Amino acid sequence: MQGSDAAVRRGIAELLPRLRRFARALTRNADEADDLVQTAVERALRRPDSLSEGARLDWWMFRIMKNAWIDELRARNVRGRHFAPEEAGAAVAADGAAAMAVRLDARAAAAAMMELPDEQRLAVSLVLIEGFSYKEAADLLDIPMGTLTSRLARARAAIEARLGGAP
Amino acid sequence: MTIGDERLGAYLDGELGADERAAVEAALAADAGLRARLERLQGVRAALHNAFPLVDDPVPEKLLALLEEPETNVVAFPARAAPRPALSGLQWAALAAAFAGALFIGRMTAPESGPFILRGGELYAGPRLERVLTTQLASAQNPNAATRIGLTFRARDGAFCRTFVLDGALSGLACREAGAWALRMTAPAAQRTGEFVQAAAEAPAVLEAASAIIEGEPFDAAGEAEAKRVGWR
């Protein structure tokens, strides 16, 4: 059996700092991010039974938020722009930056994230920021592990190029 | 052997099996270019954590209303049966904030890969962190290890305790109790940022908690190795 409704609410409340971080990594500003969290929490509370026995609450919530976000993108009819082809951004990862140290510039990292294709941003958020395992992230995104690892590698290279690029 | 970005990334993410990990480490030992590449990838992760910290801003009213939980920042842990060091209000606040994202609700089963598990209302190291705490020596650890050990010492109640920094993000103190590592304290890791490099360091609150319960001095390399040899008992 699942936890009680009250336990789910409490669990979600405890997850809020992470859920809001995830939303900020996906969207473009803090207000948009909190709207996304709101939508995801509403959905979760409408369907507490979709939390299967033994499932992690955080995995479940992040998955609901991912779905809510994709729905939002579709609703805005910007899917064509946001869901760039897999190859996009791959060329950025040339060896040109090889000798340069990465500048640990949070703003540059945030900007680099926003330039990534959405599916890469999801992979980066879940694995590099939220610390989900490859298996958990691939399941959450409904993609094969190989797809996840290649998205991660492309995204890392693109961010690295951006951070290590000329000032 | 050529180590591609995907494999190097998987190494950093702790996703390789022992054999593959050893192969990557051998390649790293032989190839300064690859080491530099690894450092840059670590820099990417650190920069991302800087860019996207946990969000502790006030929670919007309508979201709070939805959850009907005004005290969202307080995570109450049941009292332990065994005596434990008293934590100040500040430390508890840091603990609650740090764990806000890591907790699972009571009846959920913790995953193999999660850093912590909740058992009988207490937080313990999960399998991955357990392995690090039990086997990793601060005196001989890989500087690129995802989780690093800081101090090892004996507490006044006799338990072995260790401080650690998990995935460069979370600083903690765990003590060996009845065959498991019980979490006594965690806080977001302090970030030491230089011009080009960044290292996660133990949070001041964790060091404070450690100094509050330590018996004598922290172990040196020999003391640490001996504690490991006797199985932390």
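Just so it is clear, none of the values below were taken in a lab; they were calculated from the coordinates. Note that the structure is predicted; figures quoted are calculated from it, not measured. Positions of Cβ are backbone-derived with ideal geometry, glycine not excepted, and every protein chain shown enters the neighbour counts.
Descriptive notes on the structure:
- Qualifying GluC sites (Glu not before Pro) in segment B:1-74, where qualification requires a DSSP coil assignment and no more than 15 other C-beta atoms within 10 Å, comprise B:Glu68, B:Glu71.
- Per-q log10 I(q)/I(0), segment B:122-225, q = 0.15, 0.23, 0.24 Å⁻¹ (Debye; single scatterer per alpha-carbon; no solvent): -0.57, -1.34, -1.45
- Across segment A:142-153, computed HN-Hα scalar couplings (Karplus, 6.51 cos²θ - 1.76 cosθ + 1.60, θ = phi - 60°) run 6, 10, x, 4, x, 5, 4, 5, 6, 5, 4, 5 Hz from first to last residue, x flagging Gly and Pro.
- Of the GluC sites (Glu not before Pro) in segment A:25-57, the ones in a loop by DSSP (not H, G, I, E or B) with at most 10 other beta carbons within 10 Å are A:Glu53.
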